[in-house]
Amino acid sequence: MRLNILHEDESIIVCVKPYGVPSQSDKTNSTDMTGMLKLHIYEKENRSEEPYLAAIHRLDRPVGGIMVFAKTKEAAANLSKQSENGDMVKYYQAILTGELPCDEGVLTDYLVHDSKSNITSVATKDTPGAKYSELSYEVLDVMETDKGILSYVLITLVTGRTHQIRVQMASRKCGIWGDTKYNPKFQKVKKQYQQIGLHASRLEFDHPVTGEHMVFKNEPEGKAFEVIELDEF
């Protein structure tokens, strides 16, 4: 698999994760982004030992888009802090099977993730393990299609909970196109790691060493996004 690296220096690697590829090693033992990038560094720099590499955030396996990895522990600490305090801004493009009540807004929920079933659910604030979750959205287009009403939405992720966007949208009857885990309209389809209508298309952060503000963009491609005509944002 050919890597799509948008930027690389001594401290960080920014790349595009293809849909269907895990961000990190999992129980399936499939080829993952962290492993591929480590091999890339090992071969490029002619290393004699395994290089350090940390994924600062993750993308679900059926989701494609931009990720940043740290090549040093110092860079990892800096970027993780930016991600936690909201200085790292993550934008997603999504295709929803339904229509949200407003053209733009903020969604807040408390979410609980069950690691055994790998399912995240909306819960009350007092539920053990519940974490506050927030995102903002802007509806770019709403279309009547032979597949029903579809919404093309730009999402800014404020917190980064497991499956957050998928769960928050599905709980409002606007599940992600093709999502066999959370969208009832697709749950009868055989669950597999096919592309869903969610793509991490823009990432902004400050370089952990130079402080330069960096912006990366990547437009979604593939079957899940062929149901509508996309415009760059």
All aspartates and glutamates inside 20 Å of K147 as judged from Cα atoms, apart from same-chain residues fewer than 8 positions distant: E99, D179, E221, E226, E229
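About the Cα centre, and with charges only on the beta carbon of Lys, Arg (+1) and Asp, Glu (-1), how big is the dipole of the stretch 1-73? Nearest 20 debye, please.
Numbers: 10 positive and 10 negative charges, 44 e Å.
My answer is approximately 220 debye.
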More than 23 Å apart - percent of Cα-Cα pairs taken over the stretch 122-209: 33
Could you work out the relative contact order of the chain? I mean the mean sequence separation of Cα pairs under 8 Å and 6+ apart, divided by the number of residues, in percent. 20
First obtain the Kirkwood hydrodynamic radius of the stretch 89-150 from its Cα pairs, then insert it into the Stokes-Einstein equation at 37 °C and 0.692 mPa s, and state the resulting D in µm² per second as a whole number. 235
Candidate residues S23, S48, S136: accessible-area rank, largest first, probe 1.4 Å: S48, S136, S23
Which order do the peptides 32-45, 152-165 take when ranked by the mean count of other beta-carbon atoms within 10 Å per residue, highest first? 152-165, 32-45
Alpha-carbon spread of the stretch 5-89, three principal axes, descending order, Å: 36, 29, 23
In whole Hz and in residue order, list the ³J(HN,Hα) couplings for the stretch 102-113 that follow from phi through the Karplus curve 6.51 cos²θ - 1.76 cosθ + 1.60, θ = phi - 60°; x for Gly and Pro. 10, 5, 8, x, 10, 10, 10, 8, 10, 10, 10, 10
With a 1.4 Å probe and all protein chains kept in place, how do D9, D87 rank by accessible area, largest first? D87, D9
For the chain, what does the accessible surface come to per residue with a 1.4 Å probe? Please give it in Å². 54
Quick one: dipole size for the chain, taken about the Cα centre, charges +1 on Lys/Arg Cβ and -1 on Asp/Glu Cβ, in debye to the nearest 20. 1200
Quote to one decimal, in nm, the extra length available between E84 and L39 on full extension: 0.36 nm per residue of separation minus the C-alpha distance between them. 13.4 nm
What nm distance separates the two modelled labels at D141 and A77, each placed 7 Å from Cα along Cα→Cβ? 4.7
Mind scanning K44/K81; K81/K223; K90/K131; K38/K81; K81/K217 and naming the pairs with a C-alpha gap bigger than 27 Å? K44/K81; K81/K223
Net charge around N85, counting only other residues with Cβ within less than 15 Å of its Cβ (Lys, Arg = +1; Asp, Glu = -1)? -3
Determine the principal axes of the Cα atoms in the stretch 44-172, then give the extent along each, sorted from largest to smallest and rounded to whole angstroms. 56, 37, 29
Work out from phi, with θ = phi - 60° and the Karplus expression 6.51 cos²θ - 1.76 cosθ + 1.60, the ³J(HN,Hα) of each residue of the stretch 197-211, listed in order in whole Hz, and give x for Gly and Pro. x, 8, 9, 7, 9, 8, 9, 10, 6, 9, 4, x, 10, 7, x
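Can I get the semi-axes of the chain's equivalent ellipsoid? Compute them from the C-alpha gyration tensor as square roots of 5 times the eigenvalues, in angstrom, largest first.
Working: eigenvalues 176, 75, 68 Å².
Each semi-axis is the square root of five times an eigenvalue, giving 30, 19, 18 Å.
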I12's amide H: which non-local residues (gap 5+, or another chain) put their own amide H closer than 5 Å, with H modeled 1.01 Å from N in plane and none for Pro or chain starts? K71
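The values are calculated or read from the model by the stated rules, or taken from the named source; none is laboratory data. Since the model is a prediction, treat every value here as computed from it, not as a measurement. Positions of Cβ are backbone-derived with ideal geometry, glycine not excepted, and every protein chain shown enters the neighbour counts. Surface areas here come from the heavy atoms of the whole protein model, side chains and all, with no ligands, DNA or RNA. Shrake-Rupley method; radii C 1.70, N 1.55, O 1.52, S 1.80 Å.
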